[in-house]
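To start, the structure itself, in structure tokens.
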């Protein structure tokens with residue numbers, strides 16, 4: 001069977017184009033975030049200078065992305081720490097992202113996951129369910145079940 005009948009070339013081209021579009025989307029997301037920050041900074045300065053014109057309209061808020069339901073993240077973290085023994089916040093974030101089939105190349109999403117998981121682990125630490133083994137390197141703390 002000739003290779004043209006297996007669509008290998010077509011599949012390869014489509015995968016390449018998909019990869020290019022994902023990169024373009026990530027760049028646009030970064031650019032939009034930078035523009036939003038710039039607009040908010042300008043609005044803040046104008047407000048501090050006493051400007052009260054009606055040209056300044058509040059920037060629309062993007063609805064919060066619900067990644068976890070109440071208690072779901074803490075339960076996942078406790079289960080994972082029971083299985084692994086100990087893990088870093090980043091390791092736990094990447095593991096849950098893979099389980100939820102999220103794009104681990106999206107650095108903003110990875111940072112959001114790490115932040116939320118870190119906060120959830122701190123809440124678990126406050127009720128003495130987990131302990132943190134501090135590391136000298138920032139972000140390399142190990143967590144384990146008490």
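The values are calculated or read from the model by the stated rules, or taken from the named source; none is laboratory data. Keep in mind that this is a model prediction, so the values were computed, not measured. Ideal geometry is used to build each Cβ from the backbone, glycine not excepted, and the neighbour counts take in all protein chains shown.
Given the criteria under 27 Å from residue 22 (Cα atoms), modelled with pLDDT under 80 and either under 17 Å from the mean Cα position of the chain (by Cα) or crowded, with 17+ Cβ neighbours inside 10 Å (or both), does residue 62 qualify? Explain how you work it out, then say what you get.
Numbers: under 27 Å from residue 22 (Cα atoms): yes; modelled with pLDDT under 80: yes; either under 17 Å from the mean Cα position of the chain (by Cα) or crowded, with 17+ Cβ neighbours inside 10 Å (or both): yes.
Yes; evaluated as a whole, the condition is true for this residue.
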Consider segment 95-106. How many of its residues are surrounded by 12 or more Cβ atoms within 10 Å (Cβ to Cβ), out of contact with any strand residue (DSSP E or B) (no Cβ under 9 Å at 6 or more places or on another chain) and part of a helix (DSSP H, G or I)? 2
Pair list, Cβ under 8 Å, 6 or more apart: segment 9-35 residue farther than 16 Å from residue 105 by Cα, other residue assigned to a helix (DSSP H, G or I): 9/3; 33/108
Quick one: in segment 132-145, of everything that is touching a helix residue (DSSP H, G or I) at 6+ places or on another chain (Cβ under 9 Å) and loosely packed, with under 14 Cβ neighbours inside 10 Å, which residue is modelled with the lowest pLDDT? 139
Could you please give the count of residues in segment 107-132 that are assigned to a helix (DSSP H, G or I) and over 13 Å from the mean Cα position of the chain (by Cα)? 8
Mind listing just one residue for me: the one in segment 65-85 that is in contact (Cβ under 8 Å) with a residue 24 or more places away in the chain and closer than 14 Å to residue 124 by Cα and, of those, surrounded by the fewest Cβ atoms within 10 Å (Cβ to Cβ)? 82
Answer yes or no as to whether residue 41 is more than 24 Å from residue 23 (Cβ to Cβ), at pLDDT 80 or above, more than 17 Å from the chain's Cα centre (by Cα) and not assigned by TED's automatic domain parsing to the domain that holds residue 27. no
